[in-house]
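Beneath this line is the structure, given in structure tokens, with notes to follow.
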Amino acid sequence: QVRLVESGGGLVQAGGSLRLSCAASGITFSEYAMGWYRQGPGKQRELVASISKQGFTNYPDSMKGRFTISRDNVKSTVYLQRSSLEPEDTAVYYCNAVRSGLSFWGKGILVTVSS
């Protein structure tokens, strides 16, 4: 059974930092590209960052310079870091694993940034 479990969310003050983790099990983690998505209140889910199985990172223009994605293949975990949080970063953050047409999602974790 594939499981992607996000952690590290919660209530954070504006200007604070965030480090989300997504622990994967049930897959050969090193063979999957990983991504972080988010869905804010009343908004569509959007890509925040992705990282290939080789470790190449990709950020949409709107996210460049704001988030950092990384992975640890030994721990089967992908991370998302952000400093200088803004209330607009309030969202449910989802972890995604992709390989050869297969796509798995975590249940998501809520991050609330208070002003």
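Please identify the pairs in which a residue from the range 96-115 that is over 19 Å from G9 (Cβ atoms) has its Cβ atom under 7 Å from the Cβ atom of a residue that is open to solvent by 60 Å² or more (accessible area, probe 1.4 Å), counting only partners at least 6 apart or on another chain.
What qualifies is R99/E31.
Would you please list the contacts, defined by Cβ atoms under 7 Å and residues six or more apart or on different chains, that run from a residue in the range 22-34 that is acidic (D, E) to a residue that is in a strand (DSSP E or B) and surrounded by fewer than 20 Cβ atoms within 10 Å (Cβ to Cβ)?
E31/R99
Answer yes or no: is there a residue in the range 45-59 that is open to solvent by less than 20 Å² (accessible area, probe 1.4 Å) and in contact (Cβ under 8 Å) with a residue 40 or more places away in the chain. Spell out how you get there, then give the answer.
As a first pass, look at the range 45-59 and keep what is open to solvent by less than 20 Å² (accessible area, probe 1.4 Å): 48-49, 51.
This time we only want the ones that are in contact (Cβ under 8 Å) with a residue 40 or more places away in the chain, so: 48.
There is at least one residue in the range 45-59 that is open to solvent by less than 20 Å² (accessible area, probe 1.4 Å) and in contact (Cβ under 8 Å) with a residue 40 or more places away in the chain.
If I filter the range 64-93 down to residues being aliphatic (A, V, I, L, M) and over 14 Å from the mean Cα position of the chain (by Cα), which single residue comes out as most open to solvent (accessible area, probe 1.4 Å)?
Restricting attention to the range 64-93, the residues satisfying the condition of being aliphatic (A, V, I, L, M) are 69, 74, 78, 80, 85, 91-92.
Retained after the next criterion (residues that are over 14 Å from the mean Cα position of the chain (by Cα)): 74, 85.
Details: V74: 138, L85: 5 Å².
It comes out as V74.
Every residue in the range 65-84 that is part of a loop (DSSP other than H, G, I, E, B) and small (G, A, S), please.
Matches in the range 65-84: G65, S76, S83, S84.
Mind listing whichever residues of the range 1-12 are assigned to a strand (DSSP E or B) and surrounded by fewer than 11 Cβ atoms within 10 Å (Cβ to Cβ)?
Of the range 1-12, the ones assigned to a strand (DSSP E or B) are 3-7, 10-12.
Within the range 1-12, G10 is the sole residue that qualifies.
Collect the residues in the range 18-47 that are within 19 Å of S62 (Cα to Cα), in a loop (DSSP other than H, G, I, E, B) and in contact with a strand residue (DSSP E or B) (Cβ under 7 Å, 6 or more places away or on another chain), keeping them in residue-number order.
The answer is G40, R45.
Could you tell me whether the range 94-103 includes any residue that is in a loop (DSSP other than H, G, I, E, B), more than 15 Å from L20 (Cα to Cα) and open to solvent by 60 Å² or more (accessible area, probe 1.4 Å)? Let's see the steps before the verdict.
To start, the set of residues in the range 94-103 that are in a loop (DSSP other than H, G, I, E, B) comprises 100-101.
Of the ones still in play, those that are also more than 15 Å from L20 (Cα to Cα) are 100-101.
From what is left, the residues that are open to solvent by 60 Å² or more (accessible area, probe 1.4 Å) are 100-101.
Taking every residue of the range 94-103 in turn, at least one turns out to be in a loop (DSSP other than H, G, I, E, B), more than 15 Å from L20 (Cα to Cα) and open to solvent by 60 Å² or more (accessible area, probe 1.4 Å).
The values are calculated or read from the model by the stated rules, or taken from the named source; none is laboratory data. In this text, all values refer to a predicted model and were calculated from it rather than measured experimentally. Glycine also receives a Cβ, built like all others from the backbone with ideal geometry; neighbour counts cover every protein chain displayed. Remember, those area values only see protein heavy atoms, side chains included, never the ligands or the DNA or RNA. Shrake-Rupley method; radii C 1.70, N 1.55, O 1.52, S 1.80 Å.
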